[in-house]
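Nothing in this text is a laboratory measurement; each read-out follows from the coordinates by a stated rule. Worth saying up front: this structure is predicted, and the values here are computed from it rather than measured. Neighbour counts run over all protein chains shown; Cβ positions are idealised from the backbone, glycine included.
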Amino acid sequence: MDALVIQGGNPLSGEVRISGAKNAALPILTACLLTAEPLKLGNVPHLKDISTMLALLGHMGVRVTLDDRNQVTLSGESIPHKEAPYEMVKTMRAAILVLGPTLARFGDARVSLPGGCAIGSRPVDLHIKGLQAMGAEINIEHGYIHARCKRLKGARILMDMVTVTGTENLMMAAALADGTTVLENAAREPEVVDLARCLVAMGAQIEGAGSDVITIHGVEKLHGADYSVMPDRIETGTFLVAAAMTGGRVRVTHTQPDTLDAVIAKLREAGAAVETGPDWIEIESDGTLTAVDVRTAPHPAFPTDMQAQFMALNCIAEGAASVSETIFENRFMHVQELRRLGANIEVSGYTALVRGVPRLDGATVMATDLRASASLVLAGLVAAGETTIERIYHLDRGYERIEEKLTQLGARIKRVH
Ligand code: EPZ
């Protein structure tokens, strides 16, 4: 298994280009199942999760072609295998996103129940309840969700909890339903808006994406489209935190500043200078930061996918701060690893109290989930001496060539096999 070896202490400076958003690309890839015509996508990031999704779609019968300019063309003309097998779903929960579009277009879909994962049980009960409200007959047996319905009917659906992929699954299903669907308490994440924009480019009629009430008027058919995936706001936030912690001046380009208001506000509160342009953000810091309280919640509040990164920032900031995780029940796996680097963190329930220490000391640590791994990289960049991070396959799921991008910014980091 690969590991990353980091020599801490270098301030970061220079420019880094942000890749396409993993959490927008994943649902947008599955949208190809809604039409027989080709869907051509730009700015799709090269990530493990993306290749897993492409393999799943290929297994189902989608013709996938990649060209040299990062364009992916997906043709869902014929889908002989309307199912997502356990072997593919167990490594990537987002596979659940094939359920809505496959059911909506073909009236039949069989998707393995995703298992839990490191950060929580992550049920999909709201996906299922929403499809049932649209008339789907759903049986769960032998670990599979089997959904059938001649044609889905529009419905008013009040989601018990804000669920990002739940909102996305139901929005895609409703696009081909008979009549109008209203999703209330819908997720407002920018990735939901990006998917809606792609569906509209394919001929869907959707209003209100980005608000908590999304209205979808079902149509008979959707056509192909050319679409470019939005930039990754979590990759952006991760590089901004890296620059704030190491001290230095970094400009992130090809990004979308207006998707990161809560994160930018927290960076400024911590004492970093942040400037934004139409598609870039520049951050400058002398490395001495003030600890900031963080409480995760659905967009537009502070994103749970940036919680671990800000915990790393608080580890070396001045003062003490609380980090509260309200979305997932077990998203503090990075705490014990950060402690190995000398961090002072106490956890009680869903809140961690972080007391800043003058410095962290390099050690060998283990990645446990995607964003926890990112927080360990950030800590390694500032820890004295050498930090080795094992099991970085977690990191490769969500960050494209992170060690190359960090090296470009002056970090001393290398991948060892
Ligand atoms: C999406 O996961 C993201 N993944 C996650 O990013 C992100 O952390 C999460 O949204 C929250 O923003 C993708 O978009 C592919 P949820 P998702 O459904 O949709 C509960 C990363 O690091 N829930 O919004 O699976 C659930 O257990 C990943 O890139 C139900 O109870 O998250 C959780 O506590 C990690 N029943 C809460 O809702 C359901 O049917 C939010 O989950 C659905 C969800």
Amide H contacts under 5 Å for Thr180, restricted to residues at least 5 apart in sequence or on another chain and with H modeled in the peptide plane, are Gly154, Gly218
How large is the charge dipole for the chain, taken about the Cα centre, if only the Cβ atoms of Lys, Arg (+1) and Asp, Glu (-1) carry charge, to the nearest 20 debye?
-> 580
Out of residues 5 or more away from Arg412 or on other chains, whose amide H comes under 5 Å of its own, with H placed 1.01 Å from N in the peptide plane?
-> Gln7, Asn10
Ranking Asn10, Met311, Asn43 by how far each Cα lies towards the positive end of the charge dipole of the chain (+1 on Lys and Arg Cβ, -1 on Asp and Glu Cβ), the top one is Asn43
Which residue, chosen from Leu381, Met245, Gly100, occupies the Cα position most advanced towards the positive end of the dipole of the chain, where the dipole is computed from +1 (Lys, Arg) and -1 (Asp, Glu) charges on Cβ about the Cα centre?
-> Gly100
For His254 and Arg151, extending 7 Å from Cα along the Cα-Cβ vector and measuring point to point gives, in nm, a value of 4.3
Roughly how large, in nm² to one decimal, is the mean projection of the convex hull of the alpha-carbon atoms in the stretch 236-311?
-> 4.3
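With the Cα gyration tensor of the stretch 34-89 in hand, convert its eigenvalues to equivalent ellipsoid semi-axes via √(5λ) and list them largest first in whole Å. All intermediate terms of the calculation are to be shown ahead of the outcome.
Details: eigenvalues 71, 49, 10 Å².
The three semi-axes for the stretch 34-89 are 19, 16, 7 Å.
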Looking at Val111, Gly410, Ser228, which one has the Cα that reaches farthest to the positive end of the dipole of the chain (charges on Cβ: Lys, Arg +1; Asp, Glu -1)?
-> Val111
Highest GNM mean-square fluctuation among Pro231, Pro303, Pro123, for the chain with Cα springs under 10 Å, belongs to Pro123
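What is the order of Cys32, Cys149, Cys315, fewest Cβ neighbours within 10 Å to most? Don't skip to the end; give the middle numbers.
Values: Cys32 31, Cys149 21, Cys315 28.
Ordered from fewest to most neighbouring Cβ atoms within 10 Å, Cys32, Cys149, Cys315 come out as Cys149, Cys315, Cys32.
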Using only Cα atoms, find the angle between the long axis of helix 48-60 and the longest principal axis of the chain, and express it within 0 to 90 degrees, rounded to the nearest 10.
-> 10
What percent do you get for the relative contact order of the chain when only Cα pairs under 8 Å and 6+ apart count?
-> 21
re the chain: pairs of Cα atoms spaced beyond 27 Å account for a percent value of 50
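If each residue's Cβ is checked for other Cβ atoms within 10 Å, how do Arg268, Arg331 rank with the fewest at the top? Each step should come with its number before you reach the end.
Working: Arg268 14, Arg331 25.
With the sparsest Cβ surroundings first, the list reads Arg268, Arg331.
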For the stretch 1-60, take the alpha-carbon Rg, divide it by the Kirkwood Rh, and send me Rg/Rh.
-> 1.15
Please arrange Val192, Val294 by counting, for each residue, the other beta carbons lying within 10 Å of its beta carbon, fewest first.
-> Val192, Val294
So how far apart, in nm, are the two label points at Gln205 and Glu404 if each is 7 Å from Cα heading toward Cβ?
-> 4.5
Label zone at Thr364, where the point sits 7 Å out along the Cα-to-Cβ direction: the stretch 376-417 residues whose backbone N lies under 13 Å | 387-391
